[in-house]
Amino acid sequence: MKNVLILPVLIPLAAAAIGLLLPSRAGPRRALALAATAALTAVAAGLLHTVWREGVQVLRVGGWEAPVGITLAADLLSAMMVLLSGTMGLLCVVYSAGSLEERQEAGAHYPLVLVMLAGVCGSFLTADLFNLFVWFELMLVASFVLLALEAERERLEACLKYMTLSLLGSALFLIALALLYAVGGSLNLADLAMRLPGTKQPPLATAAAMLLLAVFGLKAAAFPFSFWLPASYHTPPVVVTALFSALLTKVGVYALFRTFPLLFSGDPGLTQPVILGMAVLSMLVGVTGAVVQYDLRRLLSFEIISQVGYLLAGLGLSTRAALAAAIAYWVHYVCAKSALFFVTGALERVTGTHHLGKMGGLSRTHPLLGLLFLVPALSLAGMPPFSGFFAKMALLRAALRAEMWGVAGVGAAVGLLTLYILIKVWREVFWKTPPQEAQGPSGPAAMLGPCVVLALLMVGLGLGARPLFVLSDAAAGQLLDRDTYIHAVLGGDT
Amino acid sequence: METGLILVVGMLYAAAIYSMLRRSTVRLALGLVLLGSATNLALFTTNKVTRSLPPLLPKGGAPVGPLADPVPQSFILTAIVINFGMLALLLVLVHLAERTVGSDEMKHLNTEVPPPSAPGE
């Protein structure tokens with residue numbers, strides 16, 4: 001029953017193909033996308049269950065043996081991420097149904113979303129660096145088109161920037177792969193992990209590690225490579241931004257989590273300080289960028305950078321506790337961020353703007369929106385009893401235990417600044433006297449539903465945090481346990 | 001042979017970066033094309049460039065001489081195809097930008113700094 005591993009890729013891809021064949025009306029395409037993402041979520045839940053009970057699952061595509069053929073592998077982290085992506089995909093499809101116009105829904109929106117999901121799931125499941133490159137490109141092509149659909153001037157500029165940076169990243173990725181192949185003679189992750197420690201050319205391997213760090217950092221929007229993100233994420237429909245923030249940057253983070261503990265754990269003296277430096281600077285740059293923004297979407301885009309910093313901090317600390325905390329934080333953060341973007345969409349629907357200065361007074365007219373904003377905002381800032389509190393606390397505690405006082409200090413300070421930023425948004429949007437009294441309805445149920453679901457999820461993950469932490473801890477254990485992964489992927493002949 | 005290829009790769013990168021830094025969307029696209037080619041060539045060069053047989057074995061027999069490594073070549077093949085697809089998309093985008101703005105100048109497209117009279121959107 002290992003064939004189930006291919007389903008998270010196959011379902012969205014097949015649905016996208018069928019979707020393009022359907023008549024271009026909103027109804028059938030929407031129904032198909034809903035069905036596909038729901039099926040994806042169900043399959044992913046099943047996969048997670050299997051991996052939890054039976055350990056790392058491996059599928060050798062076409063029956064070719066591991067280092068030569070294409071291999072798909074799912075450990076707990078992969079399975080968790082596939083499940084998270086499926087859930088977010090489903091919520092985004094529901095949200096699209098509420099927030100997009102019929103004309104947009106009838107177009108290529110849903111097929112593109114599905115293709116992107118296929119690329120994302122493929123990246124999570126592949127056990128081979130070159131296939132990771134191919135899945136990256138699949139996901140990127142879909143995201144380019146999603147960004148450029150019906151583009152007017154502002155969006156064209158954003159898309160050009162995003163595409164240029166992505167293509168640069170792809171070129172760097174290929175060079176890193178070339179170096180790794182020259183050093184290790186293989187691009188299968190498990191095979192490379194066995195060969196790299198005995199390499200005769202450690203400098204080349206280090207160069208490849210740094211290039212990979214740059215490439216994945218670019219995708220993840222970590223500090224020195226982050227400035228494309230706020231320059232492009234504020235332009236598309238809000239559901240697309242939510243999808244990008246939930247999936248695309250996380251694939252970069254995932255690639256870092258996958259490759260660095262596995263391939264470069266032999267050289268922590270160089271990679272760890274670099275990653276920690278990137279993490280700390282991402283937190284600071286993101287949050288300081290967000291402080292001065294008055295455009296709600298740009299503000300949230302900068303926030304993405306600072307939150308990615310937290311995830312990288314967990315990777316940089318590289319202890320089991322830190323990795324576990326980062327994974328838990330990851331789940332919480334994807335929920336919180338998507339929820340905030342979703343609510344932003346509803347706010348824009350009500351006020352007709354995403355500039356903070358032009359909003360105001362919504363706490364009286366739309367108390368439900370206020371509540372739906374407050375939950376993810378407080379969760380993101382790390383207030384109890386929401387999911388963010390426990391995740392952030394675990395991360396800070398791991399940093400303290402590893403005696404990285406600087407990281408812990410910056411993490412705490414950035415948490416406070418995040419709270420300040422969200423209070424600023426709250427004051428501007430909900431409390432200030434409104435500049436104009438143009439108040440529309442709160443938006444259809446399909447828009448508010450996903451917000452409600454995510455808010456409940458955050459409360460649930462806050463009050464019942466234990467299962468998530470048990471799961472993350474096991475996932476972190478698997479990340480650090482290189483031998484099991486290598487053995488599972490390469491099969492019995494090692 | 002390898003030295004020559006390395007020099008070509010270097011020159012291609014230089015040319016790519018030069019044209020990407022010009023403030024014109026068409027040149028940006030050209031630069032990205034060159035970048036893709038340079039990368040493919042670099043990928044080709046990291047696997048030693050030597051005279052060797054195609055990686056095919058005679059039926060049931062042992063290899064006659066040194067065999068070429070087929071893996072990097074399949075990588076390059078895939079990369080070329082992907083690069084080509086991306087290029088097509090990029091050219092469409094550049095065309096779209098030019099039609100919208102009426103020139104291929106980046107600065108006409110620049111919306112990053114809003115005019116001071118209209119803050120916000």
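The values are calculated or read from the model by the stated rules, or taken from the named source; none is laboratory data. Since the structure is predicted, the reported quantities are computational estimates derived from the model, not experimental observations. Cβ atoms come from the backbone with ideal geometry, glycine included; neighbour counts cover every protein chain shown.
Could you look through the range A:466-489, keep only residues that are in a helix (DSSP H, G or I) and of a type in the set (Asp, Glu), and pick out the one that is farthest from the chain's Cα centre (by Cα)?
In the first step, residues of the range A:466-489 are kept if they are in a helix (DSSP H, G or I); the result is A:466-480, A:482-489.
Subset that is of a type in the set (Asp, Glu): A:473, A:483.
Numbers: A:Asp473: 19, A:Asp483: 27 Å.
The residue in question is A:Asp483.
Kindly indicate which of A:Leu256, A:Leu263 is buried (at least 23 other Cβ atoms within 10 Å of the Cβ), out of contact with any strand residue (DSSP E or B) (no Cβ under 8 Å at 6 or more places or on another chain) and at pLDDT below 85. Steps first, answer last, please.
Values: A:Leu256 fails: at pLDDT below 85.
Just a single option satisfies the conditions, and that option is A:Leu263.
Could you say whether any residue in the range B:82-103 is in a loop (DSSP other than H, G, I, E, B) and among the hydroxyl-bearing types (Ser, Thr, Tyr)? I'd like the intermediate steps shown before the answer.
Initial filter on the range B:82-103 (in a loop (DSSP other than H, G, I, E, B)): B:102-103.
If we keep only those that are among the hydroxyl-bearing types (Ser, Thr, Tyr) as well, we get B:103.
Within the range B:82-103 (the criterion being in a loop (DSSP other than H, G, I, E, B) and among the hydroxyl-bearing types (Ser, Thr, Tyr)), the answer is yes, since at least one residue qualifies.
Run B:Leu67 past the list (1) within 9 Å of chain A (Cβ to nearest Cβ); (2) free of Cβ contacts under 8 Å to residues at least 24 places away in the same chain; (3) over 30 Å from A:Cys159 (Cα atoms) and report the number of the one that doesn't hold.
Going through the list (1) within 9 Å of chain A (Cβ to nearest Cβ); (2) free of Cβ contacts under 8 Å to residues at least 24 places away in the same chain; (3) over 30 Å from A:Cys159 (Cα atoms), B:Leu67 breaks only (1).
Kindly establish whether A:Ala182 is surrounded by fewer than 21 Cβ atoms within 10 Å (Cβ to Cβ), within 20 Å of A:Pro67 (Cβ to Cβ) and either at pLDDT 90 or above or facing chain B (nearest Cβ under 7 Å) (or both). Step through it out loud before you land on a result.
Details: surrounded by fewer than 21 Cβ atoms within 10 Å (Cβ to Cβ): yes; within 20 Å of A:Pro67 (Cβ to Cβ): yes; either at pLDDT 90 or above or facing chain B (nearest Cβ under 7 Å) (or both): yes.
Criteria met by A:Ala182.
What are the pairs with Cβ atoms under 6 angstrom where one residue, in the range A:19-40, is without any contact (Cβ under 8 Å) to a residue 24 or more places away in the chain and the other, located anywhere, is crowded, with 17+ Cβ neighbours inside 10 Å? Sequence gap at least six, or different chains.
A:Leu22/A:Arg29
With the requirement that a residue be of a type in the set (A, V, I, L, M, F, W, C) and either surrounded by fewer than 18 Cβ atoms within 10 Å (Cβ to Cβ) or touching a Cys at 6+ places or on another chain (Cβ under 7 Å) (or both), what does the range A:201-223 give you? Before you say what the answer is, go through the steps one by one.
Initial filter on the range A:201-223 (of a type in the set (A, V, I, L, M, F, W, C)): A:204-205, A:207-216, A:218, A:220-223.
Result: A:Leu204, A:Ala207, A:Met210.
Among the residues of the range A:135-146, is any of a type in the set (Asp, Glu) and at pLDDT 90 or above?
Scanning the range A:135-146, I find at least one residue that is of a type in the set (Asp, Glu) and at pLDDT 90 or above, so the answer is yes.
I want to confirm something. Restricting to the range A:144-172 and keeping residues that are among the small types (Gly, Ala, Ser) and within 22 Å of A:Pro224 (Cα to Cα), which single residue is nearest to the other protein chains (Cβ to nearest Cβ)? Break it down stepwise before answering.
If we filter the range A:144-172 for residues that are among the small types (Gly, Ala, Ser), which is where we start, we get A:148, A:151, A:158, A:166, A:169-171.
Within this subset, residues satisfying the condition of being within 22 Å of A:Pro224 (Cα to Cα) are A:158, A:166, A:169-171.
Details: A:Ala158: 8, A:Ser166: 9, A:Gly169: 11, A:Ser170: 8, A:Ala171: 4 Å.
Going through the qualifying residues, I end up with A:Ala171.
Identify, from the list A:Arg298, A:Arg320, the residue that is surrounded by fewer than 24 Cβ atoms within 10 Å (Cβ to Cβ) and under 20 Å from A:Glu157 (Cα atoms). Lay out the reasoning, then the answer.
Values: A:Arg320 fails: under 20 Å from A:Glu157 (Cα atoms).
Among A:Arg298, A:Arg320, only A:Arg298 is surrounded by fewer than 24 Cβ atoms within 10 Å (Cβ to Cβ) and under 20 Å from A:Glu157 (Cα atoms).
In the range A:335-350, how many residues are hydrophobic (A, V, I, L, M, F, W, C) and over 19 Å from the mean Cα position of the chain (by Cα)?
To start, the set of residues in the range A:335-350 that are hydrophobic (A, V, I, L, M, F, W, C) comprises A:335-336, A:339-343, A:346-347, A:350.
After this cut, where a residue has to be over 19 Å from the mean Cα position of the chain (by Cα) as well, the list is A:346-347, A:350.
Of the residues in that region, 3 qualify.
Within the range A:91-138, can you find the residues that are under 17 Å from A:Val215 (Cα atoms), away from chain B (no Cβ under 12 Å) and of a type in the set (A, V, I, L, M)?
A:Val120, A:Leu132
Could you pull out the residue among B:Leu7, B:Leu43, B:Leu28 that is without any contact (Cβ under 8 Å) to a residue 60 or more places away in the chain, assigned to a helix (DSSP H, G or I), within 14 Å of chain A (Cβ to nearest Cβ) and under 19 Å from the mean Cα position of the chain (by Cα)? I'd like the intermediate steps shown before the answer.
Working: B:Leu7 fails: within 14 Å of chain A (Cβ to nearest Cβ); B:Leu28 fails: without any contact (Cβ under 8 Å) to a residue 60 or more places away in the chain.
Just a single option satisfies the conditions, and that option is B:Leu43.
Quick check on my filter: what residues within the range A:40-73 are farther than 23 Å from A:Leu189 by Cβ, crowded, with 17+ Cβ neighbours inside 10 Å and out of contact with any Pro (no Cβ under 9 Å at 6 or more places or on another chain)?
A:Thr41 - this is the single residue of the range A:40-73 that is farther than 23 Å from A:Leu189 by Cβ, crowded, with 17+ Cβ neighbours inside 10 Å and out of contact with any Pro (no Cβ under 9 Å at 6 or more places or on another chain).
Is there a residue in the range A:59-69 that is among the acidic types (Asp, Glu) and free of Cβ contacts under 8 Å to residues at least 12 places away in the same chain? Even if it seems obvious, please write down each step before you answer.
Looking only at the range A:59-69, we keep the residues that are among the acidic types (Asp, Glu), and these are A:65.
With free of Cβ contacts under 8 Å to residues at least 12 places away in the same chain added as a condition, the list becomes none.
No, every residue in the range A:59-69 fails to be among the acidic types (Asp, Glu) and free of Cβ contacts under 8 Å to residues at least 12 places away in the same chain.
For the range B:38-72, name all the residues that are among the polar types (S, T, N, Q), surrounded by fewer than 16 Cβ atoms within 10 Å (Cβ to Cβ) and within 30 Å of A:Leu168 (Cα to Cα).
Passing the criteria: only B:Thr50.
Just one of the numbered conditions (1) assigned to a helix (DSSP H, G or I); (2) within 30 Å of A:Ser96 (Cα to Cα) is not true of A:Ala209; which one?
Result: A:Ala209 fails condition (2) only.
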